[in-house]
Amino acid sequence: NKTLNMLAVDYGASSGRAMLGHYDGSRLQLREIRRFENEPVRLGSGLHWDFPRLYAELLHSIRSFQRETGGSGVSVAVDTWGVDFGLLDRNGSLLGIPYHYRDGRTNGVPELAAERLPLERLYALTGIEIMQINTVFQLYAMLQRNKPLVDLADTLLFTPDLLNYFLTGERAAEYSIASTSGLLDPYVRDWSGETMKALGIPARLFPDVVMPGNVLGELAPSVREELQTGRLTVINAASHDTASAIAVAPAGSGPFAYISTGTWSLMGVERESPVITPESGRLGYTNEGGAFGKTVLLKNIMGLWLLQECKRHWSGEGVNWSYAQLQELAEREPGHQSFVDPAHPSFLAPGDMPRRVQDYCRETGQAVPQTKAAIVRCILDSLALKFRQTLEELELLTRQSFPVIHMVGGGVQNELLCRLTAEATGRPVIAGPVEATAIGNLLVQASAHGEISGLNEIREIVGRSFPPATYEPGHTGNQWQASYEKYAKLTRTIA
Ligand code: LFR
C-alpha cells in the first residue's frame, strides 16, 4: 500500500476548513491546516458569496498543504454546500458575483415556474424536493429579471466546479453537486432536457457530468506559477458536502438511517435507485447523487441554522455564549414545553431568530419561551421530533425499517441533540465522525488513486480511524410520544 497525503478543502455556509489527510493503507489521519470564515455579503438588494475570497482561501490552503507535506502531496478536492453556481462567458470570465441561496430573488418563483412546468412534473423528472433555493428556480428568476446576463453566459458551474475551474481550466459538472440543482434526471444521471426546455433554461450552459472520483486535471501552469508549486492533481470528490459526509457513516452491513448535521440537517437513507412517488413528493423528499453510484433519499431540514442565528443575534446584543455554554443551559431546562416546525418559511432568511421562534410559539398558541436557555431547548426538542417524523416517513416510503441512526458532521458535538434524538426516535444514535465531510472528500480521493476498493472499505477505515460514540434511547418514550403528537399536529403532515 502506498501512503497518500491529500488535501480536502471543505466549504460550509458559515466557515471553511482545509484538512490534510494522511492515509497509510489502513487508517486516515486528519489535521486541520487552515480555517476561515465564510461571510455572505449584502450588495444592494442582493445576497452574495464572497467568491474571490473563497478562491483565495483555496490557494492559501494549497500553499500551506505543500509546505506541511514538503511537496509530497498528491491531490486536492473541494466540496461545498449545494445549489449555488457562477456563470462564465465565452472567454471564461466570471459573469457577476455568485448569489447566496438565501437571496430573496427566488421568493415566489416556484409558483411562477409552475405556470410553465407543473411542480409535480418537475419533481417526477428530477426527484428533487421543490425548494425555492434550488438552481432551477434561481435560474428561472434570472431569466425573468436579468435575461441579458444569461444570454451572455456560456457555461454554468456549481460552486465546487467553479473553484476547480479556476484551479485547472477544466469545466465539468460533478454528479453529486449537479444533482442538487433540480435539473438532473436521477435515473440516467444526466441533464433533464425536458425540464430545461419547459422552463426556457438554455441547455448549452451545462457541461458534461462526471462521477465522484473523477480525475479532473492538474493545477494550471499560471496557478502553479502563482503558488510557486509543483504538480498537484485536482480530483472531483463527491463535491456536495452532504454526499461526502453520508459516505463515511461507519455503518455495518445492516440498514441504517443517517443524519448529517451542520447548518442544515440532512436526514435520509442510502439506496441503489431513487424513490419518486406522489407521496415522496408531497412529503418533501429529495433524491440526490451520492458517492460510489448511490442515490441518497433525504429530507433537507433547517437544522442548527436556527441555533446559529440565535447565537449570532445574541452576540450582536453583546452576549457571546459558546455553543457549549448554550447546550449546558438548555440541558437544565425541563424540555417538552413548546415546539417549532424548523421547516417553516419564516426561519429561512437570516435575522432575529429568537424573536421568530417566540412569534411562532405565540401564533400557534403555545407557551412562549422567555429565556435564551428555553429558546435553545425549544429548538433542540423540535429538531429531535422532526427527526422522528422524518424517520417514520422514510420507513413508510421505503417499506423498510431502520433500527439505528448514524449521525455525522459538526452537529455531533451537540451531545444534547444526539441524546434527544435517540430518546425521541427510540433508536440508538451512533455519533461521528464530526469531520465527516472532509473525511469523505479525502477517502474518495484515495479511491481515485486506486487505494480503496469502495464504500464498504471506506466505512471500515472510518470505524478504525474515528471510533464513534453511541447514545441509547433510554426510558422517556411516553413523554416523547405525547410531545410527538403535539408536534405532528403542529406540522400537519403524518400523525
Ligand atoms: C448542506 C447543504 C444541503 C443543501 C444546502 C443548501 O451544507 O449542502 O445539502 O441542501 O446545503 O445548498
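A few notes on this one:
- Cα-Cα P(r), the range 298-390, percent of pairs per 10 Å interval: 17, 54, 27, 2
- Extension gain, Ala124 back to Ala349 (0.36 nm per residue minus Cα-Cα distance, nm): 78.2 nm
- Taken one residue at a time, the phi angles of the range 403-416 give Karplus couplings (6.51, -1.76, 1.60, θ = phi - 60°) of x, 10, 10, 9, 10, 10, x, x, x, 4, 5, 7, 5, 4 Hz. Gly and Pro are set to x.
- Neighbour net charge for Ala198 - beta-carbon separation under 12 angstrom, K R +1, D E -1: +1
- The protection proxy used here, the mean number of other Cβ atoms lying within 10 Å of each residue, ranks peptides 353-359, 123-129 as follows, highest first: 123-129, 353-359.
- With 20 Å as the limit on Cα-Cα distance, the pairs of Lys197/Lys299; Lys372/Lys486; Lys311/Lys372; Lys386/Lys489; Lys299/Lys386 that go past it are Lys197/Lys299; Lys372/Lys486.
- Cα centroid of the range 229-251 to Cα centroid of the range 368-403, whole Å: 29 Å
- Computed FRET value (nearest 0.05) for Ala56 with Ser93, which takes r as the C-beta separation and R₀ as 22 Å: 0.80
- Share antiparallel - DSSP beta bridges, the chain, percent rounded to 5: 75 percent
- Across all directions, the average flat footprint of the convex hull enclosing the Cα atoms of the range 85-226 is 8.6 nm².
- Cα centroid separation, the range 138-171 to the range 40-99: 14 Å.
- Using alpha carbons only: equivalent-ellipsoid semi-axes of the chain, gyration tensor based, whole Å: 34, 27, 23
- Inter-centroid distance (Cα atoms) of the range 181-216 relative to the range 418-447, Å: 29 Å
- Count Lys and Arg as plus one, Asp and Glu as minus one, and take only other residues whose Cβ is under 15 Å from that of Leu117; the net charge is then -2.
- Going by neighbour counts of Cβ atoms within 10 Å, the residues Ile458, Ile259 line up, fewest first, as Ile458, Ile259.
- Phi angles of the range 58-65 translate, via the Karplus equation with coefficients 6.51, -1.76, 1.60 and θ = phi - 60°, into HN-Hα couplings of 5, 5, 4, 5, 5, 4, 4, 4 Hz per residue; Gly and Pro are given as x.
- Around the amide H of Arg34, modelled in the peptide plane, lie the amide H atoms of Ala18, all under 5 Å away and 5 or more residues distant in sequence or on another chain.
Since every read-out is calculated from the coordinates, none of them should be taken as a lab result. Everything quoted here is computed from the prediction, not taken from an experiment. Reconstructed Cβ throughout: ideal geometry from the backbone, glycine too, with neighbour counts over all protein chains shown.
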